[in-house]
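A.B. asks: Dropping the structure in here first, questions after.
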Amino acid sequence: MFPVITASVPLLEPPGWAIAQRELFDLLDTAWRRFARDYTGPDGRLVYRGGLTTRDGVDDFYETFFNWPQLYLLGGSDDLLGEAERHWEGVTRQLTELGMLSDEYERGYDWFHQGESLLLLYFLCMAAPERWRERAVRFAELYVDPAHGNYDPEHRVIRRPHNGSDPAREGLFDGDSYPWLPQEARMYGFPLEWLVPAGAGQPPADPDPRLGEQMRRRMGVGDTAVNLAVSGLVFNALLLSGDRRYRDWLADYVGAWRERAVANGGVLPDNVAPDGTVGGLLEGRWYGGHYGWSWPHGWYSVGHAAIVAALAAAMATGDDGYTDLVRPALDTIIGQGKVMAFTDADSSLQSKWTVQLGPDVDTPTLHVPYRYGDHGWFDHNPMLMGVPAALWHHSGSRDDRERLERLRAAAGHDWRTVRSFRSKEEAGHEEPWFAYLSGDNPGYPERILAAAQAQVRHRLARMERYRGLDVPEADIHLWQQSNPVVTEALVQLTWGGPQVVYNGGLQQARVRYYDANARRPGLPPSVAALVSRIEPEETVVELVNLDPLATRSVIVQAGAFAEHHVRAARYSVCDDPSWIGDLYDYGHREPVVTSSSIALDGPWLQVDLPPSTRISLTLELALRARTPSYTTPFEATPSGEPE
């Protein structure tokens with residue numbers, strides 16, 4: 001069906017990265033099975049005997065398994081997909097019994113958390129689109145169809161910050177005041193700070209106007225920037241169905257926010273009143289909305305939602321102008337940056353950066369402000385690299401790459417350093433990956449694979465320590481923190497993409513793979529892959545078959561959703577068998593490696609790998625030249641279009 005190249009370069013000394021990559025697959029296979037055995041019940045639900053007393057918690061149940069189908073897509077074991085589906089079903093039943101879902105969907109909560117919940121669904125859709133289409137489209141209709149009460153097409157707003165399947169769920173809390181814990185208040189402060197006069201002191205929690213009726217009235221209705229993350233749900237439905245309604249909705253909704261950003265000098269505002277007016281409930285302030293610029297996380301929530309929406313709308317419409325939803329705000333906070341040690345910063349995200357920076361917490365480096373309030377910019381942290389990396393990976397533009405180079409030049413720490421940590425996003429190693437792709441961090445593949453091994457082994461030890469614990473509601477994050485599946489290294493090295501944007505993004509990849517013989521996504525057994533260069537028009541990938549006896553066949557796909565077009569490929573060749581030597585030679589000769597090329601015209605290329613062979617491919621690509629979809633190579637015609 002597709003052009004076929006047969007690898008011919010002998011694999012004599014397997015590269016360390018290839019061996020380490022396959023060892024990581026093996027370790028992950030052991031680890032997820034142990035977690036399922038010790039932490040889940042027969043129907044896939046998590047072992048939990050408590051209740052949920054607030055609107056929070058749905059995300060924590062689903063997040064535990066978010067990257068299990070992602071691992072399957074990378075090349076995890078055949079039965080992992082069914083296991084991930086079983087956990088989604090079990091957790092969904094469990095959360096329904098706990099009163100958190102209606103018709104399998106979140107009754108109503110903010111999209112900072114909903115985006116986290118839905119990553120599991122998105123990867124299941126990517127792995128088995130036919131089985132998940134009906135459910136995912138039904139969920140997207142909650143927003144695309146105004147009859148469900150979430151979307152106002154006249155003003156192009158989502159009607160409230162807490163939204164979902166239950167139109168009766170209003171406001172931001174169920175009691176008289178927002179359940180803001182003292183520890184959270186110390187870390188993040190309070191919303192609507194300007195309501196308490198200067199010098200008035202700290203009001204008691206229950207009558208505090210910032211947490212009660214004023215919060216309900218000013219922040220519990222209207223649209224907020226974090227709702228932009230719903231774009232991932234709608235784009236997912238477009239990939240599944242091809243229905244133009246979803247494309248049009250993205251253009252409408254994300255376009256409205258783009259217009260508001262332009263009117264605000266380019267910087268994305270965070271709140272819109274029900275009548276479509278920015279600042280209409282906050283006395284004209286463009287900041288101060290729920291999960292917005294002022295409270296509680298600023299750029300950490302606004303930036304993630306903006307990049308999710310920008311990439312979804314750009315991919316859906318083919319108009320990269322939507323990415324300017326992100327750039328002005330990103331460049332504004334960079335422009336407000338200061339060089340300081342993290343230990344001197346006013347960061348509200350201590351637990352994240354203390355681990356990620358390690359010994360460099362005392363090293364002066366660029367810190368940018370994540371939040372904005374009446375007194376200006378505050379809450380300085382190192383740059384959250386997931387957003388500019390995702391932007392550059394999508395566009396391939398010189399300006400987006402130069403932004404990364406400037407951030408690297410401003411850093412006081414060495415971007416080549418790889419540390420073993422696992423953040424909530426299961427990301428955070430964008431800096432050394434970018435240095436590797438830039439050509440000056442050659443040891444990165446083996447170092448990041450070793451760091452991934454360390455995290456799996458650490459989590460296996462954590463699982464053993466807490467196995468059998470009767471988990472209280474306050475500690476339900478234990479499951480996420482014990483999930484032993486780590487995928488960032490495999491995503492970067494094999495797909496040539498950054499880890500998925502955690503608050504509701506869809507996966508980016510320069511290439512993906514299918515096992516041609518098993519007719520499933522992912523690398524075949526014994527095959528390792530390494531993307532070593534990403535340029536706007538070229539991608540370099542090496543494939544290695546470590547099996548000494550079996551031939552493996554890999555279908556290489558251009559893009560996460562077959563959205564790129566392969567024009568041609570150059571590849572390594574060894575067509576002289578004399579390297580084997582003569583009958584009485586004690587050794588072998590150095591294989592003579594040359595190159596050949598092939599003209600291509602589509603998103604897929606098959607590579608046959610005989611036993612103990614390797615091949616280097618340089619793919620000439622036209623980025624985003626095709627309509628993105630979940631169509632697999634097994635459903636396509638020879639022209640590369642769906643049947």
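The values are calculated or read from the model by the stated rules, or taken from the named source; none is laboratory data. No experiment lies behind these values; they were computed from the predicted model shown. Cβ coordinates were reconstructed from backbone atoms using ideal geometry, including for glycine residues, and neighbour counts include every protein chain displayed.
A.B. asks: Determine whether segment 408-428 contains at least one residue that is in contact with a Ser or Thr (Cβ under 8 Å, 6 or more places away or on another chain) and closer than 24 Å to PRO191 by Cα.
C.D. replies: Residues of segment 408-428 that are in contact with a Ser or Thr (Cβ under 8 Å, 6 or more places away or on another chain), as a first pass: 410-413, 426.
Then keep just the ones that are closer than 24 Å to PRO191 by Cα; that gives none.
No, that holds for no residue.
A.B. asks: If we keep just the residues of segment 484-539 that are among the polar types (S, T, N, Q) and touching a strand residue (DSSP E or B) at 6+ places or on another chain (Cβ under 9 Å), which is nearest to VAL554 (Cα to Cα)? Break it down stepwise before answering.
C.D. replies: Filtering segment 484-539 down to residues among the polar types (S, T, N, Q) leaves 487, 492, 494, 499, 503, 507-508, 517, 526, 532, 539.
From what is left, the residues that are touching a strand residue (DSSP E or B) at 6+ places or on another chain (Cβ under 9 Å) are 492, 494, 517, 526, 532, 539.
Working: GLN492: 18, THR494: 13, ASN517: 8, SER526: 11, SER532: 18, THR539: 17 Å.
Filtering first and then ranking leaves ASN517.
A.B. asks: Further question on the same structure: Show the residue pairs that are 6+ apart or on different chains and have beta-carbon atoms under 7 Å apart, the first residue being within segment 448-471 and in contact (Cβ under 8 Å) with a residue 60 or more places away in the chain, the second being β-branched (Val, Ile, Thr).
C.D. replies: Listed by first residue and then by second, the contacts come to ALA452/VAL486; VAL456/VAL486.
A.B. asks: Sticking with this structure for a sec: Would you mention how many residues in segment 26-56 are in contact with a strand residue (DSSP E or B) (Cβ under 9 Å, 6 or more places away or on another chain), free of Cβ contacts under 8 Å to residues at least 60 places away in the same chain and not in a loop (DSSP other than H, G, I, E, B)?
C.D. replies: Filtering segment 26-56 down to residues in contact with a strand residue (DSSP E or B) (Cβ under 9 Å, 6 or more places away or on another chain) leaves 39-40, 46-47, 55-56.
So of that shortlist, the ones also free of Cβ contacts under 8 Å to residues at least 60 places away in the same chain come out as 40, 56.
Then keep just the ones that are not in a loop (DSSP other than H, G, I, E, B); that gives 40.
Going through segment 26-56 one residue at a time, the tally reaches 1.
A.B. asks: I need the full set of residues from segment 458-479 which are among the basic types (Lys, Arg) and loosely packed, with under 14 Cβ neighbours inside 10 Å, in order please. Walk me through it before giving the result.
C.D. replies: Kept after step one, since they are among the basic types (Lys, Arg), are these residues of segment 458-479: 459, 462, 465, 467.
Hit for segment 458-479 is ARG465, nothing else.
A.B. asks: Looking only at segment 173-221, count how many residues are touching a residue at least 40 places away in the same chain (Cβ under 8 Å) and either among the β-branched types (Val, Ile, Thr) or under 20 Å from GLY298 (Cβ atoms) (or both). Before you say what the answer is, go through the steps one by one.
C.D. replies: Within segment 173-221, the first condition is being touching a residue at least 40 places away in the same chain (Cβ under 8 Å), and the residues that meet it are 173-174, 179, 184, 187-194, 215-221.
With either among the β-branched types (Val, Ile, Thr) or under 20 Å from GLY298 (Cβ atoms) (or both) added as a condition, the list becomes 184, 187-194, 215, 218-221.
The qualifying residues number 14.
A.B. asks: Condition test on ALA168, is it surrounded by fewer than 16 Cβ atoms within 10 Å (Cβ to Cβ), at pLDDT below 95, in the same structural domain as ARG244 (by TED's automatic domain parsing) and of a type outside the set (S, T, N, Q)?
C.D. replies: Values: surrounded by fewer than 16 Cβ atoms within 10 Å (Cβ to Cβ): yes; at pLDDT below 95: yes; in the same structural domain as ARG244 (by TED's automatic domain parsing): yes; of a type outside the set (S, T, N, Q): yes.
Considered against the rule, which asks whether it is surrounded by fewer than 16 Cβ atoms within 10 Å (Cβ to Cβ), at pLDDT below 95, in the same structural domain as ARG244 (by TED's automatic domain parsing) and of a type outside the set (S, T, N, Q), ALA168 comes out as yes.
A.B. asks: If you don't mind, another one. Mind checking which residues of segment 1-31 are out of contact with any Ser or Thr (no Cβ under 7 Å at 6 or more places or on another chain), closer than 16 Å to VAL593 by Cβ and of a type in the set (A, V, I, L, M)?
C.D. replies: The answer is ILE5, LEU12.
A.B. asks: Quick one: how many residues across segment 1-59 are of a type in the set (Phe, Trp, Tyr), farther than 30 Å from ARG169 by Cβ and modelled with pLDDT of 95 or more? Spell out the reasoning first.
C.D. replies: Keep residues of segment 1-59 that are of a type in the set (Phe, Trp, Tyr), which gives 2, 17, 25, 32, 35, 39, 48.
This time we only want the ones that are farther than 30 Å from ARG169 by Cβ, so: 2, 17, 25, 32, 35.
Then keep just the ones that are modelled with pLDDT of 95 or more; that gives 17, 25, 32, 35.
Final tally of qualifying residues: 4.
A.B. asks: Within segment 35-48, can one find any residue that is in contact with a helix residue (DSSP H, G or I) (Cβ under 6 Å, 6 or more places away or on another chain), basic (Lys, Arg) and at negative phi?
C.D. replies: Among the residues of segment 35-48, at least one is in contact with a helix residue (DSSP H, G or I) (Cβ under 6 Å, 6 or more places away or on another chain), basic (Lys, Arg) and at negative phi, which makes the answer yes.
A.B. asks: Okay, next question. Over 16 Å from ILE5 (Cβ atoms) and under 34 Å from the mean Cα position of the chain (by Cα) - does that describe any residue in segment 564-586?
C.D. replies: Going through segment 564-586, the residues over 16 Å from ILE5 (Cβ atoms) turn out to be 564-565, 576-586.
Checking the rest, the ones that are also under 34 Å from the mean Cα position of the chain (by Cα) come to 564-565.
Yes: segment 564-586 contains one or more residues that are over 16 Å from ILE5 (Cβ atoms) and under 34 Å from the mean Cα position of the chain (by Cα).
A.B. asks: Is there a residue in segment 439-452 that is modelled with pLDDT of 95 or more and basic (Lys, Arg)?
C.D. replies: Within segment 439-452, one or more residues are modelled with pLDDT of 95 or more and basic (Lys, Arg).
A.B. asks: Out of (1) crowded, with 24+ Cβ neighbours inside 10 Å; (2) in the same structural domain as PRO209 (by TED's automatic domain parsing), what's the single condition that is false for LEU118?
C.D. replies: The failed condition is (2).
A.B. asks: Considering only segment 136-183, state which residues are hydroxyl-bearing (Ser, Thr, Tyr), within 16 Å of VAL230 (Cα to Cα) and assigned to a loop (DSSP other than H, G, I, E, B). Quick ask: steps written out before the conclusion?
C.D. replies: Initial filter on segment 136-183 (hydroxyl-bearing (Ser, Thr, Tyr)): 143, 151, 165, 177-178.
Filter once more, so that each one left must be within 16 Å of VAL230 (Cα to Cα): 143, 151, 165.
Residue satisfying the conditions is SER165 alone.
A.B. asks: Tell me, please, whether a residue that is hydrophobic (A, V, I, L, M, F, W, C), in a helix (DSSP H, G or I), farther than 30 Å from ASN227 by Cα and modelled with pLDDT of 95 or more can be found in segment 492-502. Step through it out loud before you land on a result.
C.D. replies: Residues of segment 492-502 hydrophobic (A, V, I, L, M, F, W, C): 493, 495, 500-501.
Among the residues that remain, those that are also in a helix (DSSP H, G or I) are: 493, 495.
Right, trim to farther than 30 Å from ASN227 by Cα and you get 493.
Applying the additional criterion that residues be modelled with pLDDT of 95 or more yields 493.
Checked segment 492-502: at least one residue is hydrophobic (A, V, I, L, M, F, W, C), in a helix (DSSP H, G or I), farther than 30 Å from ASN227 by Cα and modelled with pLDDT of 95 or more.
A.B. asks: How about segment 85-112: which of its residues are touching a Phe, Trp or Tyr at 6+ places or on another chain (Cβ under 8 Å) and more than 20 Å from GLY232 (Cα to Cα)?
C.D. replies: Within segment 85-112, HIS87, VAL91, GLN94, LEU95 meet the criteria.
A.B. asks: If the requirement is being in contact with a strand residue (DSSP E or B) (Cβ under 8 Å, 6 or more places away or on another chain) and over 30 Å from LYS424 (Cα atoms), which of these qualifies: ASP601, ASP582?
C.D. replies: Working: ASP582 fails: in contact with a strand residue (DSSP E or B) (Cβ under 8 Å, 6 or more places away or on another chain).
Just a single option satisfies the conditions, and that option is ASP601.
A.B. asks: Could you list all residues from segment 452-472 that are in a helix (DSSP H, G or I) and either more than 17 Å from ASP26 (Cβ to Cβ) or not hydrophobic (A, V, I, L, M, F, W, C) (or both)? Spell out the reasoning first.
C.D. replies: At the first step, the residues of segment 452-472 found to be in a helix (DSSP H, G or I) are 452-466.
GLN453, GLN455, ARG457, HIS458, ARG459, ALA461, ARG462, MET463, GLU464, ARG465, TYR466, listed by residue number.
A.B. asks: Count, please, the residues in segment 616-633 that happen to be more than 21 Å from GLU130 (Cβ to Cβ) and either in contact with an Asp or Glu (Cβ under 7 Å, 6 or more places away or on another chain) or not in a strand (DSSP E or B) (or both).
C.D. replies: Step one: filter segment 616-633 for residues more than 21 Å from GLU130 (Cβ to Cβ), giving 616-625.
Subsequent filtering for residues that are either in contact with an Asp or Glu (Cβ under 7 Å, 6 or more places away or on another chain) or not in a strand (DSSP E or B) (or both) retains 616, 618-621, 623-625.
Qualifying residue count, segment 616-633: 8.
A.B. asks: Look through segment 87-107, keep the residues that are surrounded by fewer than 20 Cβ atoms within 10 Å (Cβ to Cβ) and among the charged types (D, E, K, R), and return whichever of them is farthest from HIS162 (Cα to Cα).
C.D. replies: The qualifying residue farthest from HIS162 (Cα to Cα) is GLU89.
A.B. asks: How many residues, within segment 425-439, are out of contact with any Lys or Arg (no Cβ under 8 Å at 6 or more places or on another chain), of a type in the set (A, V, I, L, M, F, W, C) and surrounded by fewer than 21 Cβ atoms within 10 Å (Cβ to Cβ)?
C.D. replies: Qualifying residue count, segment 425-439: 0.
A.B. asks: Inspect segment 62-80 for any residue being surrounded by fewer than 20 Cβ atoms within 10 Å (Cβ to Cβ), out of contact with any Asp or Glu (no Cβ under 9 Å at 6 or more places or on another chain) and touching a residue at least 40 places away in the same chain (Cβ under 8 Å) and give the result as yes or no. Please lay out each step first, then the result.
C.D. replies: Step one: of segment 62-80, the residues surrounded by fewer than 20 Cβ atoms within 10 Å (Cβ to Cβ) are 77-79.
Next, from what is left, pick out any that are out of contact with any Asp or Glu (no Cβ under 9 Å at 6 or more places or on another chain): 78-79.
Filter once more, keeping what is touching a residue at least 40 places away in the same chain (Cβ under 8 Å): 78.
Looking through segment 62-80, at least one residue is surrounded by fewer than 20 Cβ atoms within 10 Å (Cβ to Cβ), out of contact with any Asp or Glu (no Cβ under 9 Å at 6 or more places or on another chain) and touching a residue at least 40 places away in the same chain (Cβ under 8 Å).
A.B. asks: Identify all residues within segment 509-544 that are assigned to a loop (DSSP other than H, G, I, E, B) and not small (Gly, Ala, Ser); write none if there are none. So that I can check it myself, show each step before the final result.
C.D. replies: Step one: list which residues in segment 509-544 are assigned to a loop (DSSP other than H, G, I, E, B), which gives 509-510, 516-519, 522-526, 535-537.
Selection gives ARG510, ASN517, ARG519, LEU523, PRO524, PRO525, GLU535, PRO536, GLU537.
A.B. asks: Let me ask you something else. Residue check: is VAL607 within 24 Å of the chain's Cα centre (by Cα), under 12 Å from ILE5 (Cβ atoms) and buried (at least 18 other Cβ atoms within 10 Å of the Cβ)? Walk me through it before giving the result.
C.D. replies: Values: within 24 Å of the chain's Cα centre (by Cα): no; under 12 Å from ILE5 (Cβ atoms): yes; buried (at least 18 other Cβ atoms within 10 Å of the Cβ): yes.
Answer is no for this residue.
Yes or no, residue by residue, for (1) modelled with pLDDT of 95 or more; (2) closer than 20 Å to ARG512 by Cβ:
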| site | (1), (2) |
| --- | --- |
| VAL544 | yes, yes |
| THR551 | yes, no |
| ALA562 | yes, yes |
| VAL573 | yes, no |
| TYR586 | no, no |
| VAL593 | yes, no |
| ASP608 | yes, yes |
| SER616 | yes, yes |
| LEU623 | yes, yes |
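A.B. asks: Before we move on, is VAL485 assigned by TED's automatic domain parsing to the domain that holds THR64, within 25 Å of PRO524 (Cβ to Cβ) and within 16 Å of the chain's Cα centre (by Cα)? Please lay out each step first, then the result.
C.D. replies: Values: assigned by TED's automatic domain parsing to the domain that holds THR64: yes; within 25 Å of PRO524 (Cβ to Cβ): yes; within 16 Å of the chain's Cα centre (by Cα): yes.
It is true that VAL485 is assigned by TED's automatic domain parsing to the domain that holds THR64, within 25 Å of PRO524 (Cβ to Cβ) and within 16 Å of the chain's Cα centre (by Cα).
A.B. asks: Please work out if HIS148 is assigned by TED's automatic domain parsing to the domain that holds TYR291, touching a Gly at 6+ places or on another chain (Cβ under 8 Å) and either loosely packed, with under 14 Cβ neighbours inside 10 Å or closer than 25 Å to ASN236 by Cβ (or both).
C.D. replies: Numbers: assigned by TED's automatic domain parsing to the domain that holds TYR291: yes; touching a Gly at 6+ places or on another chain (Cβ under 8 Å): no; either loosely packed, with under 14 Cβ neighbours inside 10 Å or closer than 25 Å to ASN236 by Cβ (or both): yes.
Considered against the rule, which asks whether it is assigned by TED's automatic domain parsing to the domain that holds TYR291, touching a Gly at 6+ places or on another chain (Cβ under 8 Å) and either loosely packed, with under 14 Cβ neighbours inside 10 Å or closer than 25 Å to ASN236 by Cβ (or both), HIS148 comes out as no.
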